[in-house]
Amino acid sequence: MIRSRRLLLLFYLLIAFSGCKDKKADGIPVSDFFTSAEKTNFKISPNGEYVAYLKRYNDKQNLFIKKLEDGSEEQATSYTDGNVRGDYLWTFDNQILFSIENFSAKGPHQIFKLDVQTLKTSVLFKSEPKVRTWILNTNRLTPDVLSITMNKRTMNTADSAQSDVYNLNLKTGEAKLYLTNPGNITEWFVEADGSIRLAKATEGADESIFYRSGEGAPFKLIIKNNFRNSVRPIIFSGVKNYFYASSNVGRDKMAIVEINAEDGKEQRVVYASDKADMQRVDFTRSKHRIESVAWEEDKPKKHFFDKGLGKVYQDVSAQLAGSEINLSSRDTAEQKFIVTASRDRSRGAVYLYERKQNKLSKLNDNPKPNPEDMCAMEPISYHATDGLVINGYVTYPQGNDRTNLPVIVMPHDGPFEQRDQWGYKAETQFFASRGYAVLQVNYRGSSGYGKEFSNSGFKEQGGKIQQDILDGVNWLIQNKIANPAKVAIVGRRFGGFSALYGVSFFPHKYACAVAIDAPINAFTYVKELPSFLKPIMQRRYEMFGDPEKDAERLKAISPVFNHSKVKSPVIIFQAGMDQSLNTSEMSHYISNLRRRNVPVEYNSSNKERRSGSSDSSRTQMYQKIEKFLHDNMLAKP
């Protein structure tokens with residue numbers, strides 16, 4: 001009798017567990033995943049008295065100020081016709097410089113100045129129409145001067161990508177020409193006093209580093225390489241005329257090195273890993289100090305050179321165990337820090353850390369979706385068809401069953417200079433919450449694995465890269481994780497290209513495809529670049545293919561020319577204002593699919609430059625994707 005009751009109890013528990021699991025899959029609103037955080041882009045003032053952040057007002061991002069002394073918060077701007085950009089910055093006299101998003105190339109660019117004490121905003125600088133302006137750096141040793149670049153001299157010429165350097169006076173708003181671009185400089189490296197002694201030039205597929213000994217001295221060439229061998233200056237080290245740089249010259253993985261600026265010769269390796277490229281460097285110009293380096297293996301890694309900041313990181317990590325910690329902003333005294341903390345299962349939170357008290361105070365939380373309902377992101381590796389080791393991640397839906405699962409393959413954008421990494425991603429967790437296993441592949445060409453791995457992807461966007469993705473699917477099938485009849489491929493930009501490529505060339509492998517803002521013609525994807533990217537055109541040809549020399553190959557891999565091979569259902573989203581996408585080509589492609597009775601859903605928004613750019617449109621888009629996947633995957637036997 002007792003045994004019968006135990007079996008009955010176990011039966012009810014199994015039913016309850018199953019019901020809970022279904023509730024988690026179906027009960028989390030789509031908006032929980034795709035609604036933006038209420039507050040973002042937190043930055044602390046140099047004096048440590050204020051924290052600025054962005055928050056929506058009338059559906060536009062505006063600046064808000066929190067006074068740390070009493071905790072009071074005030075709205076500082078109230079724009080309704082555009083978002084305050086996230087790259088706003090504090091000046092060293094505790095004011096804020098910011099711009100409003102302006103996607104028009106014709107309109108003037110304005111830099112606004114916010115007086116934090118009075119909350120009054122004024123126009124600091126307004127460029128002429130068509131002039132592109134970029135902020136290079138605020139300068140601690142010359143706090144009243146802002147280094148900017150403008151293409152004022154070249155805006156109406158074929159060389160409009162060339163920008164000169166100006167010094168913008170923060171008191172008067174006057175911009176004075178500092179350095180004239182000789183024609184090939186694509187990057188300037190500003191020092192703490194606003195001077196420039198290093199510059200990077202791009203000529204065809206080659207990159208060069210130029211150095212000058214001081215103001216008025218001519219620049220001289222010290223390093224020249226093909227772009228595959230990269231050197232990027234960071235800061236001067238304070239020793240002789242040496243500077244720190246990231247470099248993969250003479251090695252496979254990007255390392256942090258010290259170089260003699262007089263002759264361009266490497267003096268020593270500061271830090272390197274034989275597993276991955278060094279990808280991020282934190283530093284202080286005024287102190288000639290590299291503070292930390294970060295890189296990606298299966299999970300993020302960090303190394304601190306500055307023992308004090310390393311101790312801050314350790315103390316914060318001890319209080320936020322299991323989270324990925326980032327010290328995103330600090331005051332001048334390095335006593336107060338803005339800390340972000342996240343995990344693969346959590347969007348995370350933002351904190352104020354006070355060093356003396358070893359105290360964390362939460363500034364913003366992202367409670368939705370509930371981390372307990374989310375799924376772990378697990379690193380994997382497998383061998384591609386040609387033997388190359390490919391790394392990636394699988395996120396399994398909740399539950400103990402890891403066999404015969406429906407699978408979403410989600411190739412990342414790029415294909416070069418990007419990668420998937422461990423951490424929270426809304427799309428991944430959304431699909432996993434709906435019962436799908438999610439495969440993310442760092443196919444050859446992805447960044448972070450060294451130049452040999454990166455170079456192996458060149459001109460393979462319709463070849464070995466796609467095979468790497470397919471090999472990941474086959475790995476899941478061979479390990480009985482994936483249901484071979486229920487595999488979908490979903491992607492944005494190049495990921496969307498891969499989705500349409502997949503259903504064109506592997507029609508029996510993918511049950512359906514989702515393509516978001518996907519280029520469908522390899523010719524236009526390679527050739528049509530905005531003017532400010534023209535200097536890298538030859539480099540792009542070496543990576544993707546030359547539209548003239550590689551014409552046959554580019555045509556052969558383009559979905560627009562292979563519509564007759566598609567058999568699986570497709571859903572396509574296209575932002576009508578995205579100038580990099582050809583709407584007439586897409587319309588022709590869709591017409592050809594429909595003519596052959598291929599199930600295709602087409603969604604175009606003439607008000608967006610990126611599909612799903614607002615919370616509401618992003619939620620609506622994924623509601624449509626959810627239904628499409630359910631009908632073509634889960635609802636089928």
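Below are the figures for this structure:
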quantity	calculated
Every residue from the stretch 584-612 that is of a type in the set (Gly, Ala, Ser), at pLDDT below 95 and either open to solvent by 70 Å² or more (accessible area, probe 1.4 Å) or closer than 22 Å to THR524 by Cβ (or both)	SER584, SER587, SER604, SER605, SER611
Residue that is modelled with the lowest pLDDT [pool: residues in the stretch 102-139 that are outside any strand (DSSP E or B) and of a type in the set (A, V, I, L, M)]	ALA105
Residue check for SER127: more than 28 Å from ALA217 (Cα to Cα) and in contact with a Pro (Cβ under 7 Å, 6 or more places away or on another chain)	yes
Hits in the stretch 245-266 (condition: open to solvent by 30 Å² or more (accessible area, probe 1.4 Å) and not in a loop (DSSP other than H, G, I, E, B))	GLU266
Residues of the stretch 129-182 that turn out to be surrounded by fewer than 15 Cβ atoms within 10 Å (Cβ to Cβ) and farther than 26 Å from ASP93 by Cβ, as a count	6
Cβ pairs under 9 Å, 6+ apart, first in the stretch 161-182 and in contact (Cβ under 8 Å) with a residue 24 or more places away in the chain and among the hydroxyl-bearing types (Ser, Thr, Tyr), second open to solvent by 20 Å² or more (accessible area, probe 1.4 Å) and assigned to a loop (DSSP other than H, G, I, E, B)	SER163/ARG132; SER163/LYS152; SER163/ARG153; THR180/ARG153
Selection within the stretch 183-205 - open to solvent by less than 40 Å² (accessible area, probe 1.4 Å), touching a residue at least 24 places away in the same chain (Cβ under 8 Å) and in a loop (DSSP other than H, G, I, E, B)	GLY183, ASN184, GLU191, ALA192, GLY194, GLY204, ALA205
In the stretch 40-64, the residues that are at pLDDT 95 or above and either charged (D, E, K, R) or assigned to a loop (DSSP other than H, G, I, E, B) (or both)	LYS43, SER45, PRO46, ASN47, GLY48, GLU49, LYS55
Elements of type strands (runs of 3 or more DSSP E) contained in the stretch 347-444, each with 3 or more residues being over 25 Å from ASN474 (Cα atoms) and open to solvent by 30 Å² or more (accessible area, probe 1.4 Å)	359-365
Failed condition for VAL231, given (1) modelled with pLDDT under 95; (2) surrounded by 15 or more Cβ atoms within 10 Å (Cβ to Cβ); (3) under 27 Å from PHE305 (Cβ atoms)	(1)
Checking VAL281 against (1) outside any loop (DSSP other than H, G, I, E, B); (2) open to solvent by less than 20 Å² (accessible area, probe 1.4 Å), the condition it does not meet	(2)
Hey, ASP274 open to solvent by 60 Å² or more (accessible area, probe 1.4 Å) and over 22 Å from PHE227 (Cβ atoms) or not	yes
Enumeration of residues in the stretch 111-124 that are within 29 Å of the chain's Cα centre (by Cα) and either open to solvent by 20 Å² or more (accessible area, probe 1.4 Å) or farther than 30 Å from ARG197 by Cβ (or both)	PHE112, LYS113, LEU114
Residue in the stretch 415-426 that is over 24 Å from VAL490 (Cβ atoms) and not charged (D, E, K, R) present	no
Elements of type helices (runs of 4 or more DSSP H) contained in the stretch 446-529, each with 2 or more residues being aromatic (Phe, Trp, Tyr)	494-505, 522-527
Of all residues in the stretch 569-579 being touching a Lys or Arg at 6+ places or on another chain (Cβ under 9 Å) and assigned to a loop (DSSP other than H, G, I, E, B), the one that is most open to solvent (accessible area, probe 1.4 Å)	GLN579
Qualifying residue in the stretch 209-220 (condition: open to solvent by less than 30 Å² (accessible area, probe 1.4 Å) and touching a helix residue (DSSP H, G or I) at 6+ places or on another chain (Cβ under 7 Å))	no
Where a residue in the stretch 469-485 is modelled with pLDDT of 95 or more and its partner, wherever it lies, is surrounded by fewer than 21 Cβ atoms within 10 Å (Cβ to Cβ) and among the basic types (Lys, Arg), with Cβ under 8 Å and at least six apart	LEU470/LYS509; VAL473/LYS509; ILE481/ARG402; ALA485/LYS636
Pairs, first in contact (Cβ under 8 Å) with a residue 24 or more places away in the chain and within 17 Å of SER45 (Cα to Cα) in the stretch 131-143, second among the β-branched types (Val, Ile, Thr) and open to solvent by 50 Å² or more (accessible area, probe 1.4 Å), C-beta under 9 Å, six or more apart	ARG140/THR332
Answer residue from the stretch 72-82, given it is in a loop (DSSP other than H, G, I, E, B) and open to solvent by 30 Å² or more (accessible area, probe 1.4 Å) and is modelled with the lowest pLDDT among those	ASP81
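The values are calculated or read from the model by the stated rules, or taken from the named source; none is laboratory data. This is a predicted model, so every value here is computed, not measured. Note: ideal-geometry Cβ built from the backbone for every residue, glycine included; neighbour counts use all protein chains shown. Each accessible area value is taken on the protein alone, full model and side chains, heavy atoms only, with ligands, DNA and RNA left out. Shrake-Rupley method; radii C 1.70, N 1.55, O 1.52, S 1.80 Å.
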